[in-house]
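Structure, as structure tokens:
Read-outs: derived from the displayed coordinates by stated rules, not from any lab. Since the structure is predicted, the reported quantities are computational estimates derived from the model, not experimental observations. Here the Cβ positions follow ideal geometry from the backbone for every residue, glycine too, while neighbour counts run over all protein chains shown.
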């Protein structure tokens, strides 16, 4: 009798899909999109996009770059005029819950506190937090490269008042989005430990970066939340030959050995399929690979992740999370491109096209599994 039951069980495992582990979630657990949060006027269209398109594409993660596009109550002085209200955010939360999409809000911390000639809301209202206050942004167009050697400003991580403000933003945004994780950005931090800074001067840049990551992580962990960040500052740009943009040339890369291993790394590479996910996984981090506008690169990255998950040891396998498509224009522009309302004008690539092609490849995986 026992032998008969065992045979039946083996047959069920073999032929019944309910028991099969060879599912899309098994092959590529994270299938994500990172995009700028909609403003008030863009909300309904974006909710429809989630409801009809992201659900159809089996997207299960949405990172929304909120920054100051929310009507903060604890710091209303930092809110954009057209930022989402609490009631509008709940519409996003509801549609994501409906389709099992994990929703993670992002507010850029540390770096990216200005863009071209525009200062961020944080440094506009709290200029004392500026790591490079001697660089004054001119009115009008101000692009990289420039005489100041400034790409975008950072806040000083050692300013005694900066974290009180920053953590109040983090707490409010995580709460209103009902999120179990928070994305802190932290990419392209070029201005750190500056010689003219009275607090940071002389400090090890890797230690400064690691301490800031740890501070944010510990604050979130106390509430049972995860920290997600971009991974470029943790890659040695010189040794790998990757350079200063998608890796670090200002000595922050050693922070990879100084930060908690439960920080989730978003490893972005846009021009080549650099296999740096292996670096993060072997250091003990969970990592997702992030393309942008080159579909050839994106499809190579997808194959890398699939191969790594297939060939890795059981210990390493689940650290390779999957793929997150990044979008670096406004919400309306992305949807216009996605729906064909406007034609792509970027001579260097097509981010909406890349998203479509990447998720078409993912859909093929699902089709193969069901055959």
_Virtual spin-label span in nm between residue 296 and residue 222, 7 Å along Cα→Cβ_ = 5.0
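Distances longer than 14 Å among the Cα atoms of the range 224-279: what percent of all pairs is that? Walk me through the intermediate numbers first.
Details: 787 of 1540 pairs.
Considering the range 224-279, 51 percent of its Cα-Cα pairs are separated by more than 14 Å.
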_Inter-label distance, nm, simple model (7 Å from Cα along the C-beta direction), residue 48/residue 180_ = 3.2
*Residues residue 339 and residue 81, FRET efficiency given R0 of 22 Å [Cβ-Cβ distance, rounded to 0.05]*: 0.25
*Mean separation of Cα pairs under 8 Å and 6+ residues apart, divided by the residue count of the chain: what relative contact order is that in percent?*
16
*asked:* Pick from 212, 87, 194 the residue whose mean-square fluctuation is largest in a GNM of the chain, springs joining Cα atoms under 10 Å.
replied: 87
*Euclidean distance of C-alpha centroids, the range 71-136 and the range 212-269, integer Å*: 21
*Over all alpha-carbon pairs of the range 101-238, lay out the pair-distance distribution in 10 Å bins, whole %, shortest bin first.*
11, 41, 35, 12, 1
*Please identify, among 128, 301, 351, the residue showing maximal mean-square fluctuation in a Gaussian network model of the chain using a 10 angstrom Cα cutoff.*
128
*On the first, second and third principal axes, largest extent first, how far apart are the outermost C-alpha atoms of the range 76-125 in Å?*
40, 21, 15
_Extension gain, residue 363 back to residue 98 (0.36 nm per residue minus Cα-Cα distance, nm)_ = 93.4 nm
_How big is the range 299-371 along each principal axis, measuring the range of its Cα positions in Å and listing the largest first?_
45, 28, 20
*Apply the Debye scattering formula to the range 236-371, with a single equal point scatterer on each alpha-carbon and no solvent, then give log10 I(q)/I(0) at q = 0.09, 0.12, 0.20 Å⁻¹.*
-0.31, -0.54, -1.21
*Distance histogram for the chain (every C-alpha pair counted, 10 angstrom bins, percent rounded to whole numbers)*: 5, 22, 33, 26, 10, 3, 1, 0, 0
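Based on the inverse mean of 1/r over its pairs of different Cα atoms, what is the Kirkwood hydrodynamic radius of the range 49-166, in Å?
On the way: mean 1/r = 0.0612 Å⁻¹.
So the Kirkwood estimate lands at 16.3 Å.
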_Largest-first principal axis extents of the Cα set of the range 206-301 (Å)_ = 41, 27, 22
*Could you check what % of the DSSP bridge pairs in the chain are antiparallel, to the nearest 5?*
10
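When the Kirkwood radius is taken over all Cα pairs of the range 176-227, what Stokes-Einstein diffusion coefficient follows at 20 °C and 1.002 mPa s, in µm²/s? Intermediate values should be presented prior to the final figure.
Details: Rh = 12.5 Å.
My calculation gives 171 µm²/s for D.
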*Treat each spin label as a single point 7 Å out from the Cα along the C-beta direction, and report the residue 262 to residue 56 distance in nm.*
3.9
*Using 1/(1 + (r/R0)^6) with R0 = 30 angstrom and r between the beta carbons of residue 240 and residue 312, what's the FRET efficiency to the nearest 0.05?*
0.90
*What angle, in degrees between 0 and 90 and rounded to the nearest 10, separates the Cα long axis of helix 351-370 from the longest principal axis of the Cα atoms of the chain?*
20
